[in-house]
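Below is one structure, written out as structure tokens; the observations come after it.
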Amino acid sequence: MPDGSDGNGIDFALAAYREEGAWQVESLPPHVGDDLEALVNVVQQRPGDAGALGFVSVDEDFFVAVRCAGGHVRLLLSDVTAATESPLARAVLARLELPLPADDDRVQPAGDVGIFADLGLEPMELAAICDHLDLYPEEMLGEVADRLGFGAEYERAVDAALR
């Protein structure tokens, strides 16, 4: 699936936002995926009728989703067990004030599974997408984008980012 890793495990980083009712999706420099605060800062700079979204696919293994509206930041980590090896995943858990997973913890999302509920993706549906372990993060995020209404824009941005 993704073959555009930046050498630090970042497959791609994207921002999505609605402006005047139309979704805009753009590639972000991969290095913003290395640092949660940098990602949040970049996403906060994007306009958006309902805030802006940021997505980072890491090492073909998990994703991080960020939603910024005003000063409010919401986070989702698709796989809590990723925090045992990924600095980005550890930073998400630290910001959420959640403990690191134990060795025997199962794969499950951490953070705000209701992050997209007002956009039409219910928490149980998002959790089910994250639990679909045979999908790459790119595919999981593709399902999220489809359900939120910007699937085609997402595909174009991912294709451009992976070139």
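The values are calculated or read from the model by the stated rules, or taken from the named source; none is laboratory data. Keep in mind that what you see is a predicted model, and the values were worked out from it rather than measured. Cβ sites come from the backbone with ideal geometry, for glycine too, and all protein chains shown count toward neighbours. Ligands, DNA and RNA are excluded from the accessible area calculation, which covers all protein heavy atoms including side chains. Shrake-Rupley method; radii C 1.70, N 1.55, O 1.52, S 1.80 Å.
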Exercise for the section: Would you mind pulling out the separation of the Cα centroids of segment 95-163 and segment 33-84, in Å? Expected result: 11 Å
Handout entry: For the chain, calculated [θ]222 nm from helices alone, where every DSSP H run of n ≥ 4 adds -39500 (n - 2.57)
Key = -9000 deg cm²/dmol
Completion exercise
Between the residues ALA50, PHE63, VAL113, the Cα farthest towards the positive end of the dipole of the chain, that dipole coming from +1 and -1 charges on the beta-carbon of Lys, Arg, Asp and Glu, is from ALA50
Practice task
Report the charge-dipole magnitude of segment 78-163 in Debye, nearest 20, computed about the Cα centre from +1 at each Lys and Arg Cβ and -1 at each Asp and Glu Cβ.
Solution key: 320 debye
Completion exercise
To the nearest 20 debye, the chain has a Cα-centred charge dipole, built from +1 on Lys and Arg Cβ and -1 on Asp and Glu Cβ, of 600 debye
Fill in the blank from the handout: Length gained if GLU26 through ALA160 is fully extended, taking 0.36 nm per residue and subtracting the Cα-Cα distance, is 47.3 nm
Exercise for the section: Scan (1) 0.92; (2) 1.02; (3) 1.27 for the value of Rg/Rh (Cα atoms, Kirkwood Rh) calculated from this model and give just the label. Expected result: (1)
Fill in the blank from the handout: For the chain, the percent of accessible surface on carbon and sulfur atoms (probe 1.4 angstrom, ligands and nucleic acids excluded) is 46 percent
Completion exercise
Cα gyration tensor of segment 91-142 diagonalised, 5x eigenvalues square-rooted, in angstrom largest first, produces semi-axes 20, 16, 10
